[in-house]
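The values are calculated or read from the model by the stated rules, or taken from the named source; none is laboratory data. Model, not experiment: these values are computed from the prediction. In this analysis, Cβ positions are derived from the backbone assuming ideal geometry, glycine residues included, and neighbour counts consider all displayed protein chains. Accessible surface is based on the protein model in full, side chains and every heavy atom, while ligands, DNA and RNA are left aside. Shrake-Rupley method; radii C 1.70, N 1.55, O 1.52, S 1.80 Å.
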Amino acid sequence: QVQLVESGGGLVQAGGSLRLSCAASGRTFSIYAVGWFRQAPGKEREFVAAITFNGGSTYYADSVEGRFTVSRDNAKNLVYLQMNSLKPEDTAEYSCAADGLGRTVVAGYVHLASVNGYDYWGQGTQVTVSS
(Lines give C-alpha, C1' and ligand atoms only; values in the text may rest on other atoms or scores of the structure.)
Protein backbone atom coordinates (compact mmCIF):
# COMPACT_ATOMS: atom_id res chain seq x y z
CA GLN A 1 0.00 0.00 0.00
CA VAL A 2 1.00 3.60 -0.62
CA GLN A 3 -0.18 6.59 1.36
CA LEU A 4 0.00 10.14 0.03
CA VAL A 5 -0.35 13.42 1.91
CA GLU A 6 -0.40 16.82 0.24
CA SER A 7 0.62 20.05 1.91
CA GLY A 8 1.55 23.62 1.04
CA GLY A 9 -1.77 24.98 -0.11
CA GLY A 10 -3.06 28.36 0.93
CA LEU A 11 -4.21 31.79 -0.17
CA VAL A 12 -2.02 33.78 -2.53
CA GLN A 13 -2.47 36.86 -4.69
CA ALA A 14 -2.45 36.65 -8.46
CA GLY A 15 1.10 36.57 -9.74
CA GLY A 16 2.38 34.94 -6.58
CA SER A 17 3.88 31.52 -6.00
CA LEU A 18 3.23 28.43 -3.94
CA ARG A 19 4.99 25.10 -3.63
CA LEU A 20 2.93 22.02 -2.95
CA SER A 21 4.42 18.86 -1.49
CA CYS A 22 3.28 15.28 -1.83
CA ALA A 23 4.70 12.97 0.83
CA ALA A 24 4.61 9.26 0.05
CA SER A 25 4.87 6.45 2.56
CA GLY A 26 4.41 2.70 2.58
CA ARG A 27 5.53 0.73 -0.46
CA THR A 28 7.13 3.72 -2.13
CA PHE A 29 9.50 1.50 -4.10
CA SER A 30 6.55 0.39 -6.20
CA ILE A 31 5.69 3.89 -7.46
CA TYR A 32 6.14 4.37 -11.19
CA ALA A 33 4.88 7.95 -11.46
CA VAL A 34 3.20 10.72 -9.50
CA GLY A 35 0.63 13.03 -10.98
CA TRP A 36 -0.98 16.24 -9.82
CA PHE A 37 -4.65 16.94 -10.44
CA ARG A 38 -6.95 19.76 -9.45
CA GLN A 39 -10.67 20.25 -9.09
CA ALA A 40 -12.53 23.51 -8.72
CA PRO A 41 -16.07 23.71 -7.32
CA GLY A 42 -18.59 22.68 -9.95
CA LYS A 43 -15.91 21.49 -12.36
CA GLU A 44 -14.42 18.12 -13.19
CA ARG A 45 -11.03 17.03 -11.98
CA GLU A 46 -8.31 17.95 -14.46
CA PHE A 47 -4.72 16.95 -15.02
CA VAL A 48 -2.01 19.42 -13.99
CA ALA A 49 1.41 17.75 -14.13
CA ALA A 50 3.18 14.42 -13.70
CA ILE A 51 6.65 13.02 -13.20
CA THR A 52 7.91 9.50 -13.82
CA PHE A 53 10.15 7.78 -11.29
CA ASN A 54 12.21 5.92 -13.88
CA GLY A 55 13.62 8.58 -16.16
CA GLY A 56 12.23 11.56 -14.29
CA SER A 57 10.31 12.78 -17.32
CA THR A 58 7.83 15.56 -16.65
CA TYR A 59 4.53 16.37 -18.29
CA TYR A 60 2.29 19.40 -18.02
CA ALA A 61 -1.16 20.51 -19.00
CA ASP A 62 -1.16 23.31 -21.54
CA SER A 63 -2.80 25.62 -19.01
CA VAL A 64 0.19 25.45 -16.64
CA GLU A 65 3.11 24.88 -19.02
CA GLY A 66 5.86 27.38 -18.31
CA ARG A 67 4.40 28.37 -14.94
CA PHE A 68 4.40 25.13 -12.95
CA THR A 69 7.28 22.75 -12.33
CA VAL A 70 7.01 19.24 -10.93
CA SER A 71 10.06 17.68 -9.28
CA ARG A 72 10.95 14.89 -6.90
CA ASP A 73 13.21 14.11 -3.95
CA ASN A 74 13.44 10.33 -3.78
CA ALA A 75 15.54 10.37 -0.60
CA LYS A 76 12.67 12.07 1.22
CA ASN A 77 9.88 10.39 -0.75
CA LEU A 78 8.58 13.80 -1.76
CA VAL A 79 7.18 15.19 -4.98
CA TYR A 80 6.84 18.94 -5.39
CA LEU A 81 4.70 21.15 -7.53
CA GLN A 82 6.19 24.62 -7.80
CA MET A 83 3.51 27.03 -8.96
CA ASN A 84 4.57 30.46 -10.22
CA SER A 85 2.65 33.32 -11.82
CA LEU A 86 -0.54 32.03 -10.27
CA LYS A 87 -3.85 33.08 -11.74
CA PRO A 88 -7.34 33.11 -10.23
CA GLU A 89 -8.17 30.30 -12.66
CA ASP A 90 -5.69 28.11 -10.76
CA THR A 91 -7.93 28.13 -7.70
CA ALA A 92 -8.82 24.53 -6.90
CA GLU A 93 -8.21 21.62 -4.60
CA TYR A 94 -4.96 20.00 -5.66
CA SER A 95 -4.37 16.28 -5.20
CA CYS A 96 -1.40 14.06 -5.89
CA ALA A 97 -1.73 10.51 -7.13
CA ALA A 98 0.67 7.60 -7.50
CA ASP A 99 0.81 4.88 -10.13
CA GLY A 100 1.65 1.61 -8.39
CA LEU A 101 0.78 -0.76 -11.24
CA GLY A 102 2.85 0.61 -14.10
CA ARG A 103 -0.07 1.78 -16.22
CA THR A 104 1.67 5.08 -16.92
CA VAL A 105 4.76 3.20 -18.10
CA VAL A 106 3.01 1.23 -20.81
CA ALA A 107 0.51 3.90 -21.85
CA GLY A 108 2.61 7.02 -21.44
CA TYR A 109 0.83 10.35 -21.54
CA VAL A 110 -2.54 8.71 -22.10
CA HIS A 111 -2.53 7.46 -18.51
CA LEU A 112 -0.19 10.05 -17.01
CA ALA A 113 -2.85 12.65 -17.70
CA SER A 114 -5.78 10.43 -16.73
CA VAL A 115 -7.29 9.67 -13.34
CA ASN A 116 -7.40 6.04 -14.46
CA GLY A 117 -3.61 5.88 -14.61
CA TYR A 118 -3.23 6.10 -10.84
CA ASP A 119 -4.00 3.78 -7.93
CA TYR A 120 -3.37 5.89 -4.83
CA TRP A 121 -4.63 9.36 -3.99
CA GLY A 122 -4.00 11.95 -1.32
CA GLN A 123 -6.73 13.90 0.42
CA GLY A 124 -6.00 17.16 -1.38
CA THR A 125 -4.86 20.64 -0.42
CA GLN A 126 -6.69 23.86 -1.22
CA VAL A 127 -5.10 26.56 -3.34
CA THR A 128 -6.90 29.89 -3.61
CA VAL A 129 -5.63 32.68 -5.84
CA SER A 130 -7.16 36.10 -5.30
CA SER A 131 -7.55 38.74 -8.01
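Residue pairs, Cβ under 7 Å, 6 or more apart or interchain, first in the range 6-33 and free of Cβ contacts under 8 Å to residues at least 12 places away in the same chain and under 16 Å from Lys76 (Cα atoms), second assigned to a loop (DSSP other than H, G, I, E, B) and open to solvent by 60 Å² or more (accessible area, probe 1.4 Å). List them.
Close Cβ pairs (under 7 Å, with a partner that is assigned to a loop (DSSP other than H, G, I, E, B) and open to solvent by 60 Å² or more (accessible area, probe 1.4 Å)) do not exist here.
Can you tell me how many residues in the range 70-92 are open to solvent by 70 Å² or more (accessible area, probe 1.4 Å) and under 12 Å from the mean Cα position of the chain (by Cα)?
Result for the range 70-92: 1.
Condition (residue is assigned to a helix (DSSP H, G or I) and surrounded by 14 or more Cβ atoms within 10 Å (Cβ to Cβ)) applied to the range 115-122: is it met by at least one residue?
Scanning the range 115-122 turns up at least one residue that is assigned to a helix (DSSP H, G or I) and surrounded by 14 or more Cβ atoms within 10 Å (Cβ to Cβ).
Quick one: is Leu112 touching an Asp or Glu at 6+ places or on another chain (Cβ under 9 Å) and farther than 18 Å from Gln1 by Cβ?
Yes.
For Phe53, which of the numbered conditions (1) open to solvent by 20 Å² or more (accessible area, probe 1.4 Å); (2) modelled with pLDDT of 95 or more fails to hold?
Just one mismatch for Phe53, condition (2).
Please work out which one of (1) at pLDDT below 95; (2) in contact with a helix residue (DSSP H, G or I) (Cβ under 9 Å, 6 or more places away or on another chain); (3) open to solvent by 50 Å² or more (accessible area, probe 1.4 Å) is the condition Thr104 fails and give its number.
Looking at each condition in turn, Thr104 falls short on (3).
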